[in-house]
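Report on the structure given below.
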Amino acid sequence: MVMKQMKVAQLAVVLGMGLFIVACGGEAEGPVVPPPPAPAEYADKHMPAGWWADAAKMEEGRKLFIGETNPDVNCASCHGKDGKPVKAGARDFRNGERMKLYSDSVWFWRISEGVPNTKMKAWKSKLSDEDRWKLLLYERNFGLAGKGWDADKKSWVDAASVSAAPAAAAPAAAPAAAPAPAGN
Ligand code: HEC
């Protein structure tokens, strides 16, 4: 009797999980897996200092994204104006759980070089570095609004609290010679 009730309960749990997976993973994206690391030439590239909280730069990114600045560059034609993909397979930037696994370097690398064997082509020949950073600034808005990648902490934090330019942190300050503790 007790056993039977347990079986029913277990079945309910399994069914519930199945529905949950269908509901959440049903989008074409599949499981959330981290992206590959950025190759060496991109690994140290980061958002220009001060841009994460710069609304004007982000607005320029928006105009680029929707093809207003240049009709030949229309990210929204696949990724959707509101971030909801309109072409099958295009990355859904609204998925913050996935996108937070992308550092700004990886994100910039993908915009620059594209993703081999997909419709996502390389944009570095059409867009300046600055334009590609502006696009990232806008795209992060769909799933990571108000956040910025902190290169020191290696995570997304509130845009306003992103550590100062990585350049400033580059030359490690020589440790001040600490006076030897007195006594023993
Ligand atoms: C012709 C359709 C198309 C256009 C236009 C397009 N993309 Fe994509 N994009 C895709 C597809 C498809 C993927 C998914 C590739 C994959 O499977 O990783 C993708 C993926 C991405 C990714 C994530 C790559 C990854 O590793 O997950 C970024 C970032 C991106 N696009 C940015 C842009 C930007 C910025 C533009 C405009 C300059 C743009 N895309 C224009 C189709 C497009």
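The values are calculated or read from the model by the stated rules, or taken from the named source; none is laboratory data. Given the structure is predicted, the values throughout are model-derived calculations rather than measurements. We place every Cβ from the backbone using ideal geometry, glycine too, and count neighbours over all the protein chains shown.
Looking at the range 71-81 only, could you name the residues that are without any contact (Cβ under 8 Å) to a residue 60 or more places away in the chain and either within 9 Å of the ligand (Cβ to nearest atom) or farther than 13 Å from L135 by Cα (or both)? Walk me through it before giving the result.
Start the filter on the range 71-81 by keeping residues that are without any contact (Cβ under 8 Å) to a residue 60 or more places away in the chain, which leaves 71-74, 76-78, 80-81.
Residues satisfying the conditions are P71, D72, V73, N74, A76, S77, C78, G80.
Selection of the range 51-81 for residues being out of contact with any helix residue (DSSP H, G or I) (no Cβ under 7 Å at 6 or more places or on another chain) and either in a helix (DSSP H, G or I) or at pLDDT below 95 (or both) yields A55, A56, E59, K63, S77, C78, H79.
Residue check: K87 meets all listed conditions (1) away from the ligand (no atom under 11 Å from the Cβ); (2) assigned to a loop (DSSP other than H, G, I, E, B) but one, namely (1). Scoring I111 on the criteria (1) more than 6 Å from the ligand (Cβ to nearest atom); (2) over 11 Å from the mean Cα position of the chain (by Cα); (3) outside any loop (DSSP other than H, G, I, E, B) leaves a single failure, condition (1). Has the range 134-146 got any residue that is modelled with pLDDT of 95 or more, within 14 Å of the chain's Cα centre (by Cα) and away from the ligand (no atom under 15 Å from the Cβ)? Yes, that holds for at least one residue. Mind listing whichever residues of the range 82-95 are touching a helix residue (DSSP H, G or I) at 6+ places or on another chain (Cβ under 6 Å), closer than 24 Å to D129 by Cα and of a type outside the set (A, V, I, L, M, F, W, C)? G83, R94 - these are the residues of the range 82-95 that are touching a helix residue (DSSP H, G or I) at 6+ places or on another chain (Cβ under 6 Å), closer than 24 Å to D129 by Cα and of a type outside the set (A, V, I, L, M, F, W, C).
Test D54 against the stated conditions and say whether it is touching a residue at least 12 places away in the same chain (Cβ under 8 Å), of a type in the set (D, E), within 18 Å of S155 (Cβ to Cβ) and more than 9 Å from the ligand (Cβ to nearest atom). Answer is no for this residue.
Across the range 122-153, which residue is surrounded by the most Cβ atoms within 10 Å (Cβ to Cβ) among those that are among the hydroxyl-bearing types (S, T, Y) and in a loop (DSSP other than H, G, I, E, B)?
First, pick out the residues of the range 122-153 that are among the hydroxyl-bearing types (S, T, Y): 125, 128, 138.
Remaining after also requiring in a loop (DSSP other than H, G, I, E, B): 125, 128.
On the way: S125: 7, S128: 9.
Among those residues, the one meeting the criterion is S128.
If a residue has to be touching a Ser or Thr at 6+ places or on another chain (Cβ under 9 Å) and acidic (D, E) to count, how many in the range 97-147 make the cut? Here the count works out to 2.
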